[in-house]
There are 2 protein chains.
Amino acid sequence: MNVTELGQKARRAARSLGRATTAQKNAALLALADRLLLDQADILAANLRDLELARAAQMSASLQDRLLLNPSRLSGMAADLRQVAELPDPVGERFDETRLPNGLQLHKQRVPLGVLGVIYEARPNVTIDVAGLAIKTGNAVILRGGKETLHSNVALVSVIRSALESVGLPAEAVQYIDDPDRAHVLALLQLDEHVDMIIPRGGGGLHRFCKENSRIPVITGGVGICHLFVDQSADLDASLLVIHNAKTQRPSVCNALDTVLVHRAAAEFLPRLVQFLEPAGVVFRAHASALPFLQQDGRLPASVQPAGAEDFDTEWMSLVLGLKVVESIDEAIEHTNAHSLGHSDGILTADAVHAEQFVAEVDSAAVYVNASTRFTDGGQFGLGAEVAISTQRLHARGPMGLRELTTYKWVGVGQYHVRR
Amino acid sequence: MNVTELGQKARRAARSLGRATTAQKNAALLALADRLLLDQADILAANLRDLELARAAQMSASLQDRLLLNPSRLSGMAADLRQVAELPDPVGERFDETRLPNGLQLHKQRVPLGVLGVIYEARPNVTIDVAGLAIKTGNAVILRGGKETLHSNVALVSVIRSALESVGLPAEAVQYIDDPDRAHVLALLQLDEHVDMIIPRGGGGLHRFCKENSRIPVITGGVGICHLFVDQSADLDASLLVIHNAKTQRPSVCNALDTVLVHRAAAEFLPRLVQFLEPAGVVFRAHASALPFLQQDGRLPASVQPAGAEDFDTEWMSLVLGLKVVESIDEAIEHTNAHSLGHSDGILTADAVHAEQFVAEVDSAAVYVNASTRFTDGGQFGLGAEVAISTQRLHARGPMGLRELTTYKWVGVGQYHVRR
């Protein structure tokens, strides 16, 4: 396994894929969608080997389910590819057109980033998902999946490469690191000559490892400690519904709510909130400031316990919700900036000045006024496809769509112009 | 010297500077411009100490000149600051406004990047230049200048801080690493918690060091091996003028021309080019393919010598020009992509199809048709100010102005919207 060689091949293929027409790239996506169904016997046989190894290793049922492929999941992946084929192609788009005073015509032209390195875990659908987005944007990609899905991924990559070849595009545009040795991940992160962006898809540990070891820019993200602040002027009935949505609609994802801050003047909201969310199975970690409003006859409801020291710095990923009373919007903003991971935070208020202050001062990728944090999503935002949700600050912040897998070149067209 | 502490201070100050109004930030720039002149005795005294040390160390006259400050240079720096004050403030700009089908209003809002780390050499004017651009864009900055200008830089930073304080902005927004130990540069590069972007301003070695050791995204650039391809249909008289401009107007900078590629069908251009550029002091390194067209009576002109193995991979920074004959536009593009550092390259042609192919296939930050490579510059491109010229691909490519020192947040405004 020579990762440098994979990088060289990917770089060469990227040159040619970057020049492919939209029609060619879409043809590759559709061919791949077809082949996922036509070649499903091979893919499912490879997946079965992964499943057997998982069972032998006594992997948990939920993890086994994550790596399972079946005809219905393959159909879903094919449908996603057909949808990506229908999205507009960002490559070639002209923008910031201008004509300088000397007559030189100048514009920016969108081009592929080049070669992406994507490091991920568990779900084999990521292999197809990422390859599809890379093909659409004219980028080559070097994939490194989890060792639990090695056989599935190798089978899927072989299908992707056939699809590319079947429409005359370079198979080498999709490379896979099939040796589970972690040294190869390190080698990939050092390959700045051949790789332009690293996208880790996995837990905080993977993101940290990439950031600490990469010479290539890393898109970190996918984690969030999300806050909603119930201001004194908020519509409390409506706030119950927003918080219910943000906490319970899909508690295991990064834009799910973790903490509710309540203005002291609206603190009577707290017992109502507990009552409203209890039937959904939510349990609460209440800051000392919130306890007096939750105690009845000196006792807390069964679903509430006092918050521990780390609780407001925990991404719950489950039906746990932190509660805190704040004295002012300033305290709410300060708490949010101190504990948020810069993903999604919001204010519930009828006060336009407070709304503006919250939006201006909370430093997160997505800031909401009177809306659920669950909206932070490429699909919800109308981007068509989502590559990642970035919580870092350069290049792209928040949900990243196809456009965020591109860069631009400046094009200057003159009549033998010289600089004075 | 505790770089982590500097980082913490910068981060705190960035929060407050990021909320400053355009008027406040401009007031700081104008106050700084005034103080550069009012406090010039202190600044020049500090600069004199640097100059004395430079003389004692027998530094070359040209390097001594680089670090020299005098009243006229200080006036120039003040004038630049006043110009930056007049530029539009990118912070707060709204863009990509949309209303989702469910009624949620969504837009992106431009915000400062946060904290910049700038590592530079020699010229003390960079201290003022970078601090001015950072203040304008609401970013805090940690500066690390060369040890040759330590006293000058410390004096300048003290003036910057007074100017910030005089208008009620945090002095801590500008930090300076005043200990010459290189370990502190390494510490800065590892400070990803407190620093959002590293901008090296110096030679290739500095850029490489930053890229290899940084956990923070690095804006590499400032180097270029620039090409012009004289196509068979080019207006040869006009091409002489463009090449003369690109090579001789300022040979020591990164957008100066390094290599001319000539289509074989236009190879008679070569002796004309040599004759035209010789009076400007240009000397030539000719590829074997070009020699037959340059020899007269079996001998090369005195200004021409055969190119060595490394010559086409050398950024000349001087009046040396590489010459090569190519068989086709494809060979010209291939040579350019193989040897360019992705800065600025162009084609001289009357053929629209060739122009389009060159623009599409040459993968550089700036690609020109019938224009000098010297245009790649923030001022020329109308950006008002130039932070750097990026030859990396993420976030910003080519000349970077104020906007490129910002990022955005997504803002969603609803009426208690929930995700379905």
Listed residues B:His343, B:His287, B:His227, most fluctuating in chain B (Gaussian network, C-alpha, under 10 Å)
B:His287
Would you mind computing, in nm to one decimal, how far apart the modelled labels at A:Glu193 and A:Gln105 are, each placed 7 Å from Cα along Cα→Cβ?
3.9
If packing is taken as the average number of other Cβ atoms within 10 Å across a peptide's residues, how do B:171-180, B:288-297 rank, most packed first?
B:171-180, B:288-297
What FRET efficiency comes out for the pair A:Glu86/B:Gln296, r = Cβ-Cβ distance, R0 = 51 Å, nearest 0.05?
0.20
Place the label 7 angstrom along Cα→C-beta at B:Thr4 and in each other copy, then list the distances from the first to the rest in nm, shortest first.
3.6
In peptide B:372-379, how many Cβ atoms from other protein chains are near each Cβ within 10 Å, on average?
3
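Based on the mean of other Cβ atoms within 10 Å per residue, sort peptides A:147-153, A:6-12, B:344-350 so the most packed one is first. Intermediate values should be presented prior to the final figure.
On the way: A:147-153: 23.1, A:6-12: 20.7, B:344-350: 27.4.
Ranking the peptides A:147-153, A:6-12, B:344-350 by packing returns B:344-350, A:147-153, A:6-12.
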At R0 = 25 Å, FRET efficiency that the Cβ-Cβ distance of B:Arg73 and B:Glu165 yields, to 0.05
0.50
Could you calculate the contour length gain from A:Leu48 to A:Val353, that is, 0.36 nm times the residue separation minus the distance between their Cα atoms, to one decimal place in nm?
104.0 nm
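Just from its helices, what would the mean residue ellipticity at 222 nm be for chain A, if runs of 4 or more DSSP H residues each count -39500 (n - 2.57) and the sum is divided by every residue, rounded to the nearest 500 deg cm²/dmol?
On the way: 14 runs with 166 residues, N = 420.
Taking each H run of at least 4 residues, the total per residue is -12000 deg cm²/dmol.
Partner chain Cβ atoms within 10 Å, averaged over the residues of B:362-369 - can you pull that number for me? Spell out each step's value before the answer.
Details: counts 2, 7, 2, 4, 5, 6, 8, 9.
Taking the mean over all residues of the peptide, I get 5.
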Give me the number: length gained by fully extending A:Ala56 to A:Ser252, i.e. 0.36 nm times residue separation minus the C-alpha to C-alpha distance, one decimal in nm.
67.8 nm
Which translational diffusion coefficient, to the nearest whole µm²/s, is obtained for chain B from the Stokes-Einstein equation, given a Kirkwood hydrodynamic radius over C-alpha pairs, 37 °C and 0.692 mPa s?
139
Can you compute the charge dipole magnitude of the stretch A:226-375 about its Cα centre, using +1 on each Lys and Arg Cβ and -1 on each Asp and Glu Cβ, nothing else charged? Give it in debye, rounded to the nearest 20.
600
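Summarise the partner chain shielding of A:103-114 as one whole number: the mean count of Cβ atoms from other chains within 10 Å of each residue's Cβ.
Working: counts 1, 8, 2, 7, 0, 2, 3, 0, 4, 2, 2, 2.
Mean shielding by partner chains, rounded to a whole number: 3.
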What number, in percent, do you get for the relative contact order of the stretch A:226-375 if the mean sequence gap of Cα pairs under 8 Å and at least 6 apart is divided by its residue count?
33
Report the number of Lys pairs in chain A whose alpha-carbons are under 25 Å apart, with separation of 8 or more residues or on distinct chains.
13
Determine ³J(HN,Hα), in whole Hz, for all residues of the stretch A:46-60 in sequence, where each value follows from phi through the Karplus function 6.51 cos²θ - 1.76 cosθ + 1.60 and θ = phi - 60°; x replaces Gly and Pro.
5, 4, 4, 4, 4, 5, 4, 5, 5, 5, 4, 8, 6, 5, 5
Using a 10 angstrom cutoff on alpha carbons, build the Gaussian network for chain A and name the most mobile of A:Pro271, A:Pro200, A:Pro170.
A:Pro271
For the stretch A:1-58 and the stretch A:124-157, write down the distance between their C-alpha centroids in whole Å.
5
So what's the angle, to the nearest 10 degrees on a 0 to 90 scale, between helix A:71-86 and the longest Cα principal axis of chain A?
80
Rounded to the nearest Å, what's the spacing between the alpha carbon centres of the stretch A:303-356 and the stretch B:173-225? Just the number, please.
35
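How much net charge surrounds A:Ala155 when only the other residues with a Cβ under 10 Å from the Cβ of A:Ala155 are counted, with Lys and Arg +1 and Asp and Glu -1?
Net charge in that neighbourhood comes out at -2.
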With a 10 Å cut-off between alpha carbons and a GNM built on chain A, which of A:Pro101, A:Pro71, A:Pro279 moves the most?
A:Pro101
Answer with one residue from A:Ile128, A:Met1, A:Ser344: the one whose Cα lies farthest towards the positive end of the charge dipole of chain A, charges on Cβ with Lys, Arg +1 and Asp, Glu -1.
A:Met1
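Dipole magnitude of chain B about its Cα centre, charges +1 at Lys/Arg Cβ and -1 at Asp/Glu Cβ only, in debye to the nearest 20?
Working: 40 positive and 48 negative charges, 346 e Å.
Rounded to the nearest 20 debye, it is 1660 debye.
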FRET efficiency for B:Gln415 and A:Asp178, using Cβ-Cβ distance with R0 set to 45 Å, rounded to 0.05
0.30
Points 7 angstrom from Cα along the Cβ direction at B:Gln64 and A:Glu315: gap in nanometres?
5.8
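By per-residue mean of other Cβ atoms within 10 Å, what is the highest-first order of A:90-97, B:191-198, A:62-69?
Numbers: A:90-97: 13.9, B:191-198: 22.2, A:62-69: 16.2.
Ranking, from highest mean packing down: B:191-198, A:62-69, A:90-97.
Values in this text are rule-based calculations from the coordinates and carry no lab data. Nothing here was measured: the structure is a model prediction, and the numbers come from that model. Glycine gets a Cβ as well: all are built from the backbone with ideal geometry, and neighbour counts include every protein chain shown.
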